[in-house]
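Presented below is the structure to which this report refers.
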Amino acid sequence: MRVNSMVSGMAIVLAACGGEKKADDQSTTPEQPASAPAGAPAAGGATHDVNMVLEGTSYKYDPAELTIKAGDVVNFHNKSGGPHNVSFWADSIPSGAADPLKAAMADQMAPLEGPLLTEPDAVYKVSFAGAPRGEYKYYCLPHLALGMKAKLTVK
Ligand SMILES: [Cu+2]
């Protein structure tokens, strides 16, 4: 058997290849507002609260109108008079909003229809990450006939 000792002469030096990337590297620095408050959530979203309540004889979302930004989160609280839920009208949300909403809504009973909240103080969280600007109208399935509906505006 012959041992080929030529191998050692064939080492290829690779070191010269790397290290010249910066010219076409498109690493623009992310837009960081200089005034960003310390401790702001990394995702950039604020959290809003909407209570679902029975007041006297009227079922309502409180507040019934709310303006948020894309990336914000809305927590819907089952305060009184439940069960309540959050159902978006598919024809009363901005174009392109259905997909991000469906992705953001857990346990949908039907597309854009959140689960019934029966537990006191249960919270249903909807993230508006990737949500287009515009108006989002929604209602409570058990109480729609009683006028329980509301509107969110993403700006
Ligand atoms: Cu309700």
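Descriptive notes on the structure:
- Of the residues making up segment 69-124, just one is part of a loop (DSSP other than H, G, I, E, B), under 19 Å from K155 (Cα atoms) and within 16 Å of the ligand (Cβ to nearest atom), namely W89.
- Candidates in segment 103-124 are the residues that are exposed (fewer than 14 other Cβ atoms within 10 Å of the Cβ) and among the charged types (D, E, K, R); of these, the one that is nearest to the chain's Cα centre (by Cα) is D107.
- Restricted to segment 129-142, and to residues there that are within 11 Å of the ligand (Cβ to nearest atom) and farther than 14 Å from A64 by Cα, the residue that is farthest from the chain's Cα centre (by Cα) is P142.
- Residues being of a type in the set (D, E, K, R) and either closer than 22 Å to G71 by Cα or within 14 Å of the chain's Cα centre (by Cα) (or both) are represented in segment 145-155 by at least one member.
- Residues within segment 125-150 that are farther than 16 Å from D49 by Cβ and surrounded by fewer than 20 Cβ atoms within 10 Å (Cβ to Cβ), tallied: 14
Computed from the coordinates by the stated procedures, all read-outs in this text should not be read as laboratory data. Because the structure is predicted, anything quoted here is derived from the model rather than measured. Cβ sites come from the backbone with ideal geometry, for glycine too, and all protein chains shown count toward neighbours.
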